[in-house]
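Structure first, commentary second.
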Amino acid sequence: MMIAASEGPAARPAARPRRFRHASGVALALLAAAALAGGCLPTLARAQETAKSAAMEARVEALIPALEDYIRSGMKAYDMPGLAIGIVAGDRLVYAKGFGVRGKGGAPVDTRTVFQIGSVTKGFLATTLAIAVDRGRLNWDDRVIDLYPGFALKDPWVTREFRAFDLLAQRSGLPAYANDLVRRLDYPVAAAIRSLRHVEPVSSFRTTFAYTNITHMLAGRIVSKLAGASDWNALAQRELIEPLGMAETSFTDAAIKAAPDHAQGHRWTAEGTTEVPLEPLFPYGFGAAGDINSTVEDMARWIRLQLGHGSFEGRRIVSAKSLATTRLPKVAIDERMSYAMGWIVARTPNGTMVWHNGDTLSFGAFLGLLPDRDVGLVVLSNAANAGLPDGVGAWALDRLMDNPEVDYVADALKHAKARLAADDKRFAQPAHPRPFPALAPLAGSFSSPTFGKGVLRADGGALVLALQETGAELALTPWDGDVFTLRVLPHGRFAPMLAPLGDGPMGFAQFTAGKDGTLDVLRLTLDDGQAYEFRRQ
């Protein structure tokens, strides 16, 4: 099976194809017989592993025509500009190919095109913690307050009990995506971590799955400090990227822009995809929670490490025990899936799948492993993850496990369109809105424990809340009586940051009266359910 360089218009000349051969059944039988005759069990084990890998390579090769058809139809349905996929069996990249283009009207995607991988980065973070455990720098059950004394949550008991493994386990009791907006509005990382102490928990500690990013940023800070590295990116570079030879993998917007073969990101809507600029804050401002750029060929090396139980090309990088700990389920997501540390563990009819996806709002990624079958794959795409990379990856892994066939891509597209329609309905102007209050009397100075000081001013037919610390501005547009829609104004450095989101509302704002009857509390409620209060000063 060849590694194809690209698929798309004006494909550039490919390097000499790499071809893979697998041993014949007769040769494998001879190897096994020789091992038995000589009493050499290691040789027999190697022969069995070779046979297993050869059988899986044959299954991958047989799947490719249907897989490529599935990818093409899915890309057309999503208006996906470009996608790259790689499949590793045993210790080899046995199939890799690029589809479509890096940007609309641009050069074709190939197996060395650089994409953002988003939260697939979290598996790298978990592995750096596993290495720290191996080297005696960290214990999984170390208290976070001992590692980072400034850490605090609203509940003092949870603050004291929060352990290193809880940082990655998505069971904090906090709401999903707790205070991501703080970082999105360019508050410092330390401020984002500190802001968690003001968040009301929505479930009991360690009982309920809720996806957070700031806890992972904190884990990155802790593990890099323990290792004497300047930051988590430097630590990951030293302990993973360089030992694995991932030469085209990087961590910044400047690096992806400088790569001659890089994809351009796109916003996704039900009507199609639109190119958006690469910008420095998202995902790069979220560090170890999602800031890696990589290629299919580089990510294949990462898969080989995972399938190799922590060894790569004869070198032990992380112990099998510590690596396995990162995949132990910590909290149930539903009846068949659990979150571990940087990985989701899913039970299927014919085996276990270990996976994670990524969405940077303009790129999407999926990486999945079948540890019992010694195979894994990666799918990278250059538009927001509305389900296409996940669907392609899950479909292919199901085929390799002989699971019942499910059209994940079609199902995901249906749900994505339904979510957009629900958003449109939720923010639609009421047919008969209640009278709006006069805007000028609402202006003044406000303060929030999360965002600090802000100044509210009337601006035409709306109100604008300017946040003093970062200069971000939130527009409040009259919607129904004392309820306003809420959005971030795309000014200055916030313009490219907001491009993947579009210019629609992100939630609602409402004024409530204090004891003296004045409207002195401004409550912001985001579409993810999180709420923030500003009080008049």
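The values are calculated or read from the model by the stated rules, or taken from the named source; none is laboratory data. Because the structure is predicted, anything quoted here is derived from the model rather than measured. Cβ sites come from the backbone with ideal geometry, for glycine too, and all protein chains shown count toward neighbours. Surface accessibility is based on the protein's heavy atoms, side chains included, excluding ligands, DNA and RNA. Shrake-Rupley method; radii C 1.70, N 1.55, O 1.52, S 1.80 Å.
Points to keep in mind about this one:
- Kirkwood hydrodynamic radius over Cα pairs of the range 93-167, then Stokes diffusion coefficient at 10 °C and 1.306 mPa s, in µm²/s: 99
- The angle between the Cα long axis of helix 214-226 and the main principal axis of the chain comes to about 60°, on a 0 to 90 degree scale.
- Surface exposure of the range 304-359, expressed per residue as accessible area with a 1.4 Å probe, stands at 44 Å².
- The chain: angle of helix 296-307 to the longest principal axis, Cα-based, in degrees nearest 10: 70
- Once the Cα gyration tensor of the range 217-264 is diagonalised, semi-axes √(5λ) in Å: 23, 13, 7
- Percent of Cα pairs exceeding the 18 Å cut-off, where the set is the range 229-316: 53
- Extents of the range 332-425, taken as max minus min of Cα coordinates on every principal axis and listed largest first, are 44, 24, 23 Å.
- Separation of alpha-carbon centers, the range 291-316 and the range 458-495, rounded to whole Å: 44
- Using a probe radius of 1.4 angstrom, the carbon and sulfur fraction of the accessible surface of the chain is 55%.
- Long-range tail of P(r) for the range 398-537 (Cα pairs > 28 Å, %): 30
- Mean silhouette area of the range 98-220, derived from the convex hull of its C-alpha atoms and averaged over all directions, reads 10.0 nm².
- Alpha carbon convex hull of the range 374-428, projected area averaged over orientations, nm²: 4.6
- Cα centroid separation, the range 119-149 to the range 328-404: 23 Å.
- Taking every alpha-carbon pair under 8 Å whose residues sit at least 6 apart, the range 315-429 reaches a relative contact order of 14 percent.
- The Cα atoms of the range 266-373 cover 43, 36, 23 Å along the three principal axes, with the biggest extent listed first.
- Separation in nanometres of the label points that stand 7 Å from Cα toward Cβ, at residue 406 and residue 259: 3.0
- Label zone at residue 143 (point 7 Å along Cα-to-Cβ), backbone N below 19 Å, the range 199-224: 205-206, 219, 222-223
- For the listed peptides 412-422, 362-372, 504-514, a ranking on the average number of other beta carbons within 10 Å per residue, highest first, reads 362-372, 504-514, 412-422.
- Per residue, the range 146-292 exposes 37 Å² of solvent-accessible protein surface, assessed with a 1.4 angstrom probe and all protein chains in place.
- The label point for residue 453 and the one for residue 190, both projected 7 Å from the Cα toward the Cβ, are 2.0 nm apart.
- In a fully extended conformation the segment linking residue 234 and residue 337 would gain 33.8 nm over its present Cα-Cα distance, using 0.36 nm per residue.
- Once the Cα-Cα distance is subtracted from the 0.36 nm per residue extended length, the residue 438 to residue 159 segment shows a gain of 96.1 nm.
- In degrees, nearest ten, helix 121-134 long axis to first principal axis of the chain (Cα): 70
- Computed from the C-beta positions of residue 531 and residue 79 and an R0 of 30 Å, the FRET efficiency is 0.30 to the nearest 0.05.
- Rounded if a/c under 1.5, otherwise prolate or oblate - the range 474-537, Cα gyration tensor axes: prolate
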